[in-house]
Structure formats: structure tokens, C-alpha cells
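Shown next, in C-alpha cells, is the structure this report addresses.
No lab work stands behind these numbers, since they all come straight from the coordinates. Keep in mind it's a predicted model, so treat the numbers as computed, not measured. Note that we place each Cβ from the backbone using ideal geometry, even for glycine, and neighbour counts take in every protein chain shown.
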Amino acid sequence: MRTAGKRFGLVALLAALTLAGCSQEAADPGDSAGFVEGDGTSVILPVDQRKPAPVLTGTDLNGEPVDTSTWQGSPGVINVWASWCAPCRAEAPELVAVAKQNPDVNFLGLDTRDSDAPARAFVEKFGIPYPNLPDPDGQLVLQFSDSLPPQAIPSTLLVDAQGRVAGRFLGAVEAGELDAALQDLVAEDPGGASG
């Protein structure tokens with residue numbers, strides 16, 4: 001019974017991502033036909049409302065191990081993307097710029113509902129300097145269901161230095177907005193409030 005409920009929850013989440021995010025119909029980065037993008041909203045949670053982020057582990061697209069439990073003490077950015085998503089292609093240079101401007105911030109991509117060859121080509125084409133975990137069945141994305149779930153593709157989550165989900169951007173994020181949010185996280189009292 002529990003397994004059936006979890007499968008239903010996963011199916012419902014993936015269906016919601018499809019409706020709220022990208023679909024696979026558009027192939028040209030400038031072509032928005034067939035895409036339902038995130039609405040561009042963002043939220044930054046007050047410190048006392050943040051919940052612990054799930055620890056994500058696995059092997060990235062380059063065969064390297066990833067473990068977000070090592071992020072303690074520094075903020076992080078988790079971007080949910082797919083190679084077939086035009087808004088993901090549009091935002092990739094923005095994320096790369098912010099990652100390069102903030103070398104002390106942890107960045108991680110979650111490549112969801114994708115296959116390895118197109119995902120690797122995406123990472124190479126945009127020169128993405130941070131690790132990207134494959135998430136072909138949405139299991140990693142599902143782990144955020146108790147905090148601020150990424151409800152669109154792309155979505156970007158912020159994790160504070162204490163390992164709590166601090167914010168979310170639905171849809172393509174712009175470098176200026178993401179960088180400003182990161183600077184606020186960096187400036188927070190490292191002791192913070194317990195979550």
C-alpha cells in the first residue's frame with residue numbers, strides 16, 4: 001500500500017512538473033511553442049520557516065561522486081533542468097555567470113526526465129562548471145516535497161549555510177535576481193535560527 005501511494009505521489013509530481021514546466025515539444029531555443037513555463041515567481045523564506053534540505057547523493061554526469069552533506073557552512077543553489085527545455089537553455093548562461101561570480105557558493109544541477117547524451121551535450125555547450133546529477137525518474141526532485149518543491153522545469157532552489165531550503169525561483173532565473181538572493185544568504189548570521 002505504501003509503495004503504491006509513493007508511486008502515485010511521484011506520478012502526480014511528474015505530471016505537475018509537465019503542466020507547470022516545460023514539455024519536450026520545442027527543439028529550438030528561441031521557440032516557445034509547446035512550453036508552459038514557470039510563472040517567474042520567487043520566494044525567500046524567513047529563517048524561522050526554513051526546513052532542512054534533503055541530502056542529495058549520486059554520481060554526476062562526469063562520473064564524479066556528489067554529496068550535498070558537505071555543503072554545511074556555505075549556501076547552495078540547486079537548479080532543476082532538462083536539455084529539451086528551451087527556458088533551461090535560456091537561463092544556463094545566467095547560472096554559469098552567477099556560479100563563476102560566487103566561487104564560495106555550492107552549485108548543483110538536477111537533470112530531470114532526460115537521457116545522458118543530450119544532458120552531457122547541454123553541460124558542454126553551456127560550459128556549466130558545477131556538478132549535475134541525473135534524475136531521470138524525478139526521485140531527487142521528489143525529496144523536496146516537504147519544503148519548497150520545484151514545481152516547474154526549470155526551477156532553482158536556494159539552500160542556506162545551515163543546510164535549509166531558503167528560497168525558490170519557478171521558471172528561468174535571471175543572474176541579477178539570483179545573485180542578489182545569494183548575497184543576502186551570504187550576509188546572514190552563520191548561527192541563524194534553528195530549523
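How do VAL186, VAL159, VAL123 line up, fewest other C-beta atoms within 10 Å first?
Numbers: VAL186 15, VAL159 26, VAL123 22.
The most exposed by this proxy come first: VAL186, VAL123, VAL159.
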Under Karplus coefficients 6.51, -1.76 and 1.60, residue-wise ³J(HN,Hα) of the range 148-161 in Hz, glycine/proline x: 10, x, x, 9, 8, 10, x, 9, 10, 10, 10, 10, 7, 5
Going fewest to most other Cβ atoms within 10 Å around each Cβ, GLU177, GLU124, GLU91 line up as GLU124, GLU177, GLU91
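Treat the count of other C-beta atoms within 10 Å as a stand-in for reagent exposure and order THR70, THR112 from fewest to most.
Details: THR70 10, THR112 27.
If I rank by nearby Cβ atoms, fewest first, I get THR70, THR112.
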Please list, in chain and number order, the residues 5+ apart from ASN132 or on another chain whose amide H is under 5 Å from its amide H, with Hs placed from the backbone. LEU61, ASN62, GLY109
Give me, ordered by chain and number, the residues 5 or more places off LYS51 or on other chains with an amide H under 5 Å from its own placed amide H. VAL165
A chain fully extended from ALA121 to ILE44 at 0.36 nm per residue, minus the present Cα-Cα distance, gains in nm 24.5 nm
